[in-house]
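See structure below.
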Amino acid sequence: MQIIRSFTLRQALLADALVSGTTGLALLLGAGFLAEILSLPELLLRSVGAILLPFAAVVALIGTRRAIHPTAVWAVIAINALWALDSFVLLLGGWVAPNIFGYAFVIAQALIVGLFAEIQLISLRRHGRTA
């Protein structure tokens, strides 16, 4: 099994973990306040926060390992890509009726998550060429 030792990939994973953990904590603790501002269901925001915290912990664990297994990175990339896609599906599917701030929030976080997936994918592929 190939082991990865890439500074860029490690930084991308740790940044992903930091942003996911911070967002998860903010959503979990501030769901009521954010629900009013974004016109998104409080239960949805609280649930997303509860999902993001363990995800962030796992991504941080992967990013802090001395050697990173490609399978773990592929799993993170897949989850991030699915998250970004599902964010747009949430908006387009009519399951929620956010205001303009809610739309902006969902779209912005989807783009950020998609960017993390892209950076992780590029780093993984670059490592594959130099390994």
Can you tell me which residue in segment 64-83 is farthest from Val48 (Cα to Cα), limited to those that are β-branched (Val, Ile, Thr), open to solvent by less than 30 Å² (accessible area, probe 1.4 Å) and at pLDDT 95 or above? Val73
Scanning segment 84-131 for residues that are of a type in the set (A, V, I, L, M) and open to solvent by 90 Å² or more (accessible area, probe 1.4 Å), which turns out farthest from Phe33 (Cα to Cα)? Leu115
Identify the residue in segment 1-12 that is open to solvent by 70 Å² or more (accessible area, probe 1.4 Å) and outside any helix (DSSP H, G or I) and, among all such residues, is modelled with the highest pLDDT. Arg5
Those residues that are open to solvent by 60 Å² or more (accessible area, probe 1.4 Å) and aromatic (Phe, Trp, Tyr), I need them from segment 13-63; list them, please. Phe33
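The values are calculated or read from the model by the stated rules, or taken from the named source; none is laboratory data. Source: prediction; values computed, not measured. For accessibility, only protein heavy atoms count, side chains too; no ligands or nucleic acids. Shrake-Rupley method; radii C 1.70, N 1.55, O 1.52, S 1.80 Å.
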